Structures are given as structure tokens and as C-alpha cells.
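The values are calculated or read from the model by the stated rules, or taken from the named source; none is laboratory data. Predicted model only: the values in this text are computed from it and were never measured. Cβ atoms come from the backbone with ideal geometry, glycine included; neighbour counts cover every protein chain shown. Protein only, heavy atoms only, side chains kept; ligands, DNA and RNA dropped before computing areas. Shrake-Rupley method; radii C 1.70, N 1.55, O 1.52, S 1.80 Å.
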Amino acid sequence: MIEAATIKAGQIEAAAARIAGHVRRTPVMRMAGGDLGLDIPLILKLESLQATGSFKVRGAFNRMLSLPVPEAGVATASGGNHGAAVAYAARALGHKAEVFCPVPTPAAKTDRIRAYGATLHQVGAAYDEAREASEARAAKTGAMIVHAYDQPEVLAGQGTVGMELWQDAPEATHVLVATGGGGLIGGIAAWYAGRGAEVISVEPEGCPTLASALREGRPVPCPVGGLAADSLGARQVGALMFEVAKHHVARAVLVPDGAILEAQKRLWQAMRLVAEPGGATALAALTSGVLTLPAGARVAVVVCGSNTDPAKVV
């Protein structure tokens, strides 16, 4: 079991070996200046092409492969992507899975959860209500909780995104990552610690979890709303990721919903790539002009999910 106090590169390497064969090594694409309406070249890490349509399977598999899973199986709460990942991983490993999602979770995500064979419960209006229900159910059945972002095995699994990006694009000087509960950026920042690149958080204005935590010096409850709330709508960042972020995330910027929509459209128009709002959020920091970087920067952007109705992107 991984020590909870911190996440180190060796733990991420171990996670990569553990989940190999269960997840895809997603491609890195280099875009010339002008390709996305920007005057700088970009490096895109396409986790939108991952199994289940998001990076979440990495952490789900690592959690289930790191610890004995009881006969009762696993339980989780999710805005959608994590639930699909847990359902997919549980099916692949032969475990039962119960997934708790808020009632407003988009059908593009709940349909996947059901298709992977999990029992789906839709509870409450927001993630926290679903989380409380999942924890109560696990206490009753003995199922293992697979948290969406605040478990060391989950962070180490998500950190494999950073490991692959660093291996495939070592020239990157800045890495832009969308943040909700913080499992993805926590794992990526842990990998990049001491490796020279700045890791930058990008959040919707309606879900400013890490920006608020960095300002206050601790995780604090935040409003949850806006276009990307189904994937980035945690009420506050996880305690484990914050221990990483306060040392290894360079800054946190906020983007409006209009910029996220524009970034989605640019990915479709330039690449025929469908990204859900959360998946396009990191790119929106650049397309909106909210974030400016020094001349000569080699910028990598993680496109982290694709679970949306394609008709809403075109």
C-alpha cells in the first residue's frame, strides 16, 4: 500500500507497471503555432482517447490492484467519469461495483456506467450527497471505497499521465491541467516535482477549488456550478493532493464557461476531437488569454475527457 503522506515518482512508476495492459498509453500530439488559433506550438496529451473516455481508469485500476477487494466488491461516488472508470475496472477484474452519481449527471456518463455492468444509484443534486450515500452503502456491505481523487493509490495512478507525458515530450516547460477534486493534477505534479516544468492548474470560475485552497492555505468548501461541474465539480480539493499542490503546482487560474465552450469548438474544428467541458478546460486558459507564458515556452495541455454528447460540440 502507498503511504498516504506523499506521492513519489517511484510510486507512480510502480502504478504504471501495475496497470499496464489495462489502460491505454494515450498519444501525444504536437500542434504547430496557429493550428488552434494560437500563435504558439502546443503539445496535447490526449487522455480523451483513454478507455472509458477519461484518465480516471488509471487510478481506478491502481486502487483495485493495490489492495485486496472484498467479496462485496467496490463502491464509489462520481460526477460520471470516475464512476464509469470504476465500473470498467471492476468488470475487467471480476468485481461487483456500485456507483453513486448526482441526479443531474449527463446521460452520456450514466449510460456508460450501466453499460459496464455496475449498479447505478442517482442520489442528490451534487457530488457530496452521492459521496455520503456511497460511504453509507460501503459501511453496510463491506465494499471497498474507490475515491474519485483523495486516495494515494488513485493519485499515483493518475500520476502515470504525467510520467507518460514527460517521457514522450521531455521538452515541455509548462503543463496545463484541469482541476476538480485534484487527483489528476496532484499525481502529475508529484511526477514533475524536481523535473523543471511548471504545472499549472486551470479551473472553471464556477468551481474554484484549488485556487481557493492555495489562497487560504488549506482545502476549503467552494461553490459548485457552471458548464464543467459534472467532471470538475468537487466542493473542495482532496487533502492528499493539496500536500503535493502547495509545493509543486506553480499557480491556479480560472476560466469562464464561454472560454471552455470556445476551446471545445477549436478542438473539434482543428482536430475533429470531441472533448467534454472539463476536458477542454485546460486549453481554455490559452485560447481565452487568461494565461500568458514567456516567449519560448513549450506548453503541454492535458485533454482529460471526452464524455459528452458530440452534438453539443459541433
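Results, tabulated for the structure shown:
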read-out: Net charge over other residues, Cβ less than 13 angstrom from the Cβ of LEU165 (K, R count +1; D, E count -1); value: +2
read-out: Portion, in percent, of the accessible area of the chain that falls on carbon or sulfur, probe 1.4 Å; value: 52 percent
read-out: MRE, 222 nm, helices only [DSSP H, n ≥ 4, -39500 (n - 2.57), over the chain, to nearest 500]; value: -13000 deg cm²/dmol
read-out: Placed amide H near VAL199: partners under 5 Å, 5+ positions off or other chain; value: VAL175, ALA250
read-out: Selected from LYS140, LYS109, LYS96 as most flexible by GNM, with the chain as the system and alpha-carbon contacts under 10 Å; value: LYS140
read-out: Accessible solvent surface per residue of region 1-59, calculated while the other protein chains remain in place, 1.4 angstrom probe, Å²; value: 44 Å²
read-out: For region 156-168, 3J(HN,Hα) per residue [Karplus equation, 6.51 cos²θ - 1.76 cosθ + 1.60, θ = phi - 60°, Hz, x = Gly/Pro]; value: 5, x, 5, x, 5, 4, x, 4, 5, 4, 4, 5, 8
read-out: Amide H contacts of ALA75 (H built 1.01 Å from N, under 5 Å, at least 5 apart or other chain); value: GLU98, MET144, ILE145, VAL146
read-out: Cα gyration tensor shape of region 71-142, rounded if a/c is under 1.5, else prolate or oblate by comparing a/b with b/c; value: oblate
read-out: Solvent-accessible area per residue, Å², over region 225-299 with all protein chains present [probe radius 1.4 Å]; value: 39 Å²
read-out: Other-chain or far-sequence residues with amide H under 5 Å of GLY181's (modelled H); value: ALA234
read-out: Accessible surface, region 71-142, averaged per residue in Å² (probe 1.4 Å); value: 42 Å²
read-out: FRET E, pair ARG215, GLU71, Förster distance 51 Å, beta-carbon r, rounded to 0.05; value: 0.70
read-out: Vicinal HN-Hα couplings computed from phi for region 79-96 (Karplus, 6.51 cos²θ - 1.76 cosθ + 1.60; Hz; Gly/Pro x); value: x, x, 5, 5, x, 4, 5, 5, 4, 5, 5, 4, 4, 4, 9, x, 10, 6
read-out: Fully extended contour minus Cα-Cα distance, from THR141 to GLU13, at 0.36 nm per residue; value: 42.8 nm
read-out: Inter-label distance for ALA92 and VAL28, nm, one decimal - labels placed 7 Å from Cα along Cα-to-Cβ; value: 2.2 nm
